[in-house]
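See below for the structure under consideration.
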Amino acid sequence: MHSGPTGRRRGLGGGVKGRGEGLSCLVVLALRADAGGEGPSRTGHRAPKSCGWCGMGSPGWVGHHEEMDTSPMVSSLLSGLANYTNLPQGSREHEEAENNEGGKKKPVQAPRMGTFMGVYLPCLQNIFGVILFLRLTWVVGIAGIMESFCMVFICCSCVMGPGGSLGPEFGGAVGLCFYLGTTFAGAMYILGTIEILLAYLFPAMAIFKAEDASGEAAAMLNNMRVYGTCVLTCMATVVFVGVKYVNKFALVFLGCVILSILAIYAGVIKSAFDPPNFPICLLGNRTLSRHGFDVCAKLAWEGNETVTTRLWGLFCSSRFLNATCDEYFTRNNVTEIQGIPGAASGLIKENLWSSYLTKGVIVERRGMPSVGLADGTPVDMDHPYVFSDMTSYFTLLVGIYFPSVTGIMAGSNRSGDLRDAQKSIPTGTILAIATTSAVYISSVVLFGACIEGVVLRDKFGEAVNGNLVVGTLAWPSPWVIVIGSFFSTCGAGLQSLTGAPRLLQAISRDGIVPFLQVFGHGKANGEPTWALLLTACICEIGILIASLDEVAPILSMFFLMCYMFVNLACAVQTLLRTPNWRPRFRYYHWTLSFLGMSLCLALMFICSWYYALVAMLIAGLIYKYIEYRGAEKEWGDGIRGLSLSAARYALLRLEEGPPHTKNWRPQLLVLVRVDQDQNVVHPQLLSLTSQLKAGKGLTIVGSVLEGTFLDNHPQAQRAEESIRRLMEAEKVKGFCQVVISSNLRDGVSHLIQSGGLGGLQHNTVLVGWPRNWRQKEDHQTWRNFIELVRETTAGHLALLVTKNVSMFPGNPERFSEGSIDVWWIVHDGGMLMLLPFLLRHHKVWRKCKMRIFTVAQMDDNSIQMKKDLTTFLYHLRITAEVEVVEMHESDISAYTYEKTLVMEQRSQILKQMHLTKNEREREVRFPCLGEEPEGEGDADPEKVHLTWTKDKSAAEKNKGPSPVSSEGIKDFFSMKNQSNVRRMHTAVRLNEVIVKKSRDAKLVLLNMPGPPRNRNGDENYMEFLEVLTEHLDRVMLVRGGGREVITIYS
């Protein structure tokens, strides 16, 4: 059975990769030429200098010729497609793993296999197998004709679609499950081979002998393990040395299967008028095993003398007539009936219904008279009864039977060898399923109509002299079935050991599972040596289980999971209306795939719920591993299409209205700067982003390059790659956007305006402080920074400015102690309290405690303010230490701005907590922020000092104190009606207090006042912020976006 890169794996993870479904997915025909300009063409002639489409060779067509240099003509492309010797761009990307070896590829010969040889017969060979010959009669005897018919119908209805893709994560997980299923199938076939060998061909070859009847099962299992290991070694050696001979003998093995099935039907026909002679012996209604006696009678006549038989000796203490015998043996008579009454016997009525057995129970014939024993009388296991070897129930039988309908993907695996795969795969597969389903359904009915029920429930044929039960029905001889089933199981085992390593090799070469890459290597001719070794080791696990009935449900789980996800892929592709999903099969509908998926999922739990959970856990672990370590390829999968549809739906929902305060979180636009080598200058900014976001919400990392798009596009791509690598290293989950603009100012403005999509937009801007803003050559930097502050204010965006960002901790660092200090001078919507809460969720800041400092004026009640603030934090469910710092009004009068509350208003809010803390039905709303003053206060340019330092402010202050006016208290933000002296005095006094209280803090969060409305005072504003944050290691200036971001309700 052919398997490899062009076979199974694409049907699982990347769509059917073979010629059939691969060609159905081609939509974009890249127009390429074999040679542009002069030079020999494929035909040996020199190409003309003029354009082949218009006959023009003028310089105006140079661009067109350059494009033609990279694209072939349609005629040559279609010729290659027709012979499957060339692939367009989409398929070439699909095949990059195989084409990057660099060596010359051998020319691909045109495939010649048709539907019958390429799909139909391989599917028959893989579907018919060990279960049909060894277990189907037992299943019919236990479940009855009606339940067996339902079982066969359900299993045969799990028809998968023609192919699809769920992405490399799902593809790798399901592909490995399919590999494990194929490997355990090999173990099942080998166990079936050993069972036929030891039970029906050469019983004397058993190494382990049972001393009594109770030990026969254990001895049989040990024999299976020993011989199974030997057969596995031999088969693996054959596959390693001469796999070509395995493929050559595939038709011989298939011939054995077909011949055996024909022999069964011939036997059924013959039994209608001449039933075979296979008598079975019953003691009462109990079935006896023929191994220990020859005559089905208690006594026999020899001459004129009555003598006891060998059966008497098995139940009595001696061969004499006065011997002590088993009570049940004494009370009941021995009768002999035909085991194969034939199709005309009317036996079908007796076998319609189920007869489930528990382990150790004697197989009994229904409707047969019997004198029973008292309840609780033990049964001697050494008596020659036919016992049930396991407890049976419907779900168990489904798990044992299902492997008999696997193998329907054999045609898809050979898609690269087919003449017309689009036609052959669905046609051949459906015909094979129809044929095998008809055989299985008819076999269920015919077995129930021809074979006695106790014989059907006799798994190993002990009642019919140890013959294979299905063989007793065959014509001309039971040996036809025995030998045919032996060779068919041998062939199926070899096929599994041939296909499974190639499947593993194909998955390994895809590179989606990194730790499996070693199994992608093999011999010089491509044979998967290492994959074969691993396959043999996994197969040995099934051999050590040693029971065919235990191994069958295991591989059922893996195959069912494979078929379920392939059906899911087809349904998803159809529902998403993927343009490249165009199945050729005219009767296909997505409901068929959905029904098949549902049946597969149901059968998984019907067969064995704990095996189903284990299989799904294995697939889930593989999925998460591939998602974490692999999946570097893009296969155009259906999950991506599903994600796009879900994203579109979610974006439209976000457009319905702004988020509620309860759902508000900082959606960051992080502005980073790159150097000449397109590397991020301050990577700590992304570390802080990771600590603040913890992978939640939206993060956009943006950067601006100066220049034009045409000239600087390569640099922008390198910058994006560099930023993405850093984002991955810092575990920042988000998007990267690099803008090329004529100047940095406009580029930043474009990012702020156009970042995000629809309702998924940033609400917070994170930027670093311009460290060298005082340098003359860097004068434009601080101007851009102030304009950034103004634009975020105009756009109602919050702003976070990190000062001394190089001192911020990286993700590997840990603070074992310390504090995060919040200086709540004015109300900003709650950002100052929300940010430390988010940071402390990260392991870097987890052990830091939170302290909140608020400033009180001399006429405020500091004790009451502290109590009110503590109550407020309690309602917010934020744990923090509270401290009220008293300052003179003249020291802080310059720290109010147009969108914050004055001190009296903020104090009033805290006092009002007494009135509102019991009103839980209503969300706490802070009083409306002060409105922006109308117009601009233009200062006289001659009186404006462009640069103010701490020394200058101190010198001016010594000249005399300035009176405090109400205008000065309310309006520092606009830098209007206040002197530079008072502004610097405010910065100095606040800085002294902050440094005194928070010198040892790990991080200080501080209200950020807005810039002056009069742009002539911009430099003074920068100096004010510089002085305000002096002597502090890590500072984050926070400016709210004009809305409440924190609430007491969850």
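The values are calculated or read from the model by the stated rules, or taken from the named source; none is laboratory data. These figures come from a predicted structure and were not determined experimentally. Note: ideal-geometry Cβ built from the backbone for every residue, glycine included; neighbour counts use all protein chains shown. Heads up: the accessible areas ignore ligands, DNA and RNA and are worked out on the full protein's heavy atoms, side chains in. Shrake-Rupley method; radii C 1.70, N 1.55, O 1.52, S 1.80 Å.
Key figures for this structure:
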read-out: Residue that is modelled with the highest pLDDT, among those in region 194-213 that are under 20 Å from MET381 (Cα atoms) and either in a loop (DSSP other than H, G, I, E, B) or of a type in the set (Lys, Arg) (or both); value: PHE208
read-out: Residue under evaluation GLY1017, criteria (1) surrounded by fewer than 18 Cβ atoms within 10 Å (Cβ to Cβ); (2) at pLDDT below 75, criterion not met; value: (1)
read-out: Residue list for region 685-712, restricted to those being open to solvent by 70 Å² or more (accessible area, probe 1.4 Å) and of a type outside the set (S, T, N, Q); value: LYS696, GLU706, PHE709, LEU710, ASP711
read-out: Residues of region 785-831 that turn out to be open to solvent by 30 Å² or more (accessible area, probe 1.4 Å), basic (Lys, Arg) and within 27 Å of ARG774 (Cβ to Cβ), as a count; value: 1
read-out: Test: residue in region 214-234 that is part of a loop (DSSP other than H, G, I, E, B), more than 18 Å from GLY129 (Cα to Cα) and open to solvent by 20 Å² or more (accessible area, probe 1.4 Å); value: no
read-out: Matching residues, region 287-297, being open to solvent by 30 Å² or more (accessible area, probe 1.4 Å) and within 55 Å of the chain's Cα centre (by Cα); value: HIS291
read-out: Within region 727-747, considering residues that are assigned to a loop (DSSP other than H, G, I, E, B) and over 16 Å from GLN667 (Cβ atoms), the one least open to solvent (accessible area, probe 1.4 Å); value: GLU730
read-out: Subset of region 493-512 [open to solvent by less than 10 Å² (accessible area, probe 1.4 Å) and over 27 Å from MET188 (Cα atoms)]; value: ASP510, ILE512
read-out: Residue check for GLY448: at pLDDT below 90, more than 35 Å from the chain's Cα centre (by Cα) and either open to solvent by less than 50 Å² (accessible area, probe 1.4 Å) or on the phi > 0 side of the Ramachandran plot (or both); value: no
read-out: Per-region count, region 720-773, residues modelled with pLDDT under 85 and among the charged types (D, E, K, R); value: 1
read-out: Odd one out for ARG577, checked against (1) part of a helix (DSSP H, G or I); (2) at pLDDT below 90; value: (1)
read-out: Filter result for SER488 (among the hydroxyl-bearing types (Ser, Thr, Tyr) and either part of a loop (DSSP other than H, G, I, E, B) or crowded, with 24+ Cβ neighbours inside 10 Å (or both)); value: yes
read-out: Matching residues in region 625-643 - criterion: being modelled with pLDDT of 75 or more and either open to solvent by 60 Å² or more (accessible area, probe 1.4 Å) or in contact with a Leu (Cβ under 6 Å, 6 or more places away or on another chain) (or both); value: TYR625, GLU627, TYR628
read-out: Residues of region 259-286 classified as outside any loop (DSSP other than H, G, I, E, B), closer than 13 Å to GLU452 by Cα and open to solvent by 10 Å² or more (accessible area, probe 1.4 Å), total; value: 1
read-out: Per-region count, region 376-411, residues open to solvent by 20 Å² or more (accessible area, probe 1.4 Å), more than 12 Å from ARG286 (Cβ to Cβ) and among the aromatic types (Phe, Trp, Tyr); value: 2
read-out: Residue match in region 239-251 (condition: in contact (Cβ under 8 Å) with a residue 40 or more places away in the chain and aromatic (Phe, Trp, Tyr)); value: yes
read-out: Test set (1) open to solvent by less than 40 Å² (accessible area, probe 1.4 Å); (2) within 26 Å of the chain's Cα centre (by Cα); (3) not small (Gly, Ala, Ser) - PRO528 fails condition number; value: (2)
read-out: First in region 838-861 and farther than 16 Å from ALA880 by Cβ and part of a loop (DSSP other than H, G, I, E, B), second anywhere and open to solvent by 10 Å² or more (accessible area, probe 1.4 Å) and among the aromatic types (Phe, Trp, Tyr), Cβ under 8 Å, 6 or more apart; value: VAL844/PHE815
read-out: Test: residue in region 100-113 that is open to solvent by less than 30 Å² (accessible area, probe 1.4 Å), modelled with pLDDT of 50 or more, over 32 Å from the mean Cα position of the chain (by Cα) and within 30 Å of VAL152 (Cβ to Cβ); value: no
read-out: Selection from region 356-375 of residues that are more than 22 Å from VAL334 (Cβ to Cβ) and surrounded by 13 or more Cβ atoms within 10 Å (Cβ to Cβ); value: TYR356, LEU357, GLY360
read-out: Listing of helices (runs of 4 or more DSSP H) fully contained in region 312-420 that carry 1 or more residues being touching a Leu at 6+ places or on another chain (Cβ under 8 Å) and under 23 Å from SER547 (Cβ atoms); value: 394-401
read-out: Members of region 757-777 that are in a loop (DSSP other than H, G, I, E, B), surrounded by fewer than 19 Cβ atoms within 10 Å (Cβ to Cβ) and under 38 Å from the mean Cα position of the chain (by Cα); value: GLY758, GLY759, GLN761
read-out: Lone unmet requirement of (1) under 18 Å from THR183 (Cα atoms); (2) in contact (Cβ under 8 Å) with a residue 40 or more places away in the chain for GLY511; value: (1)
read-out: Residue that is farthest from LEU744 (Cα to Cα) [pool: residues in region 663-684 that are open to solvent by less than 40 Å² (accessible area, probe 1.4 Å) and in contact with a Gly (Cβ under 6 Å, 6 or more places away or on another chain)]; value: GLN667
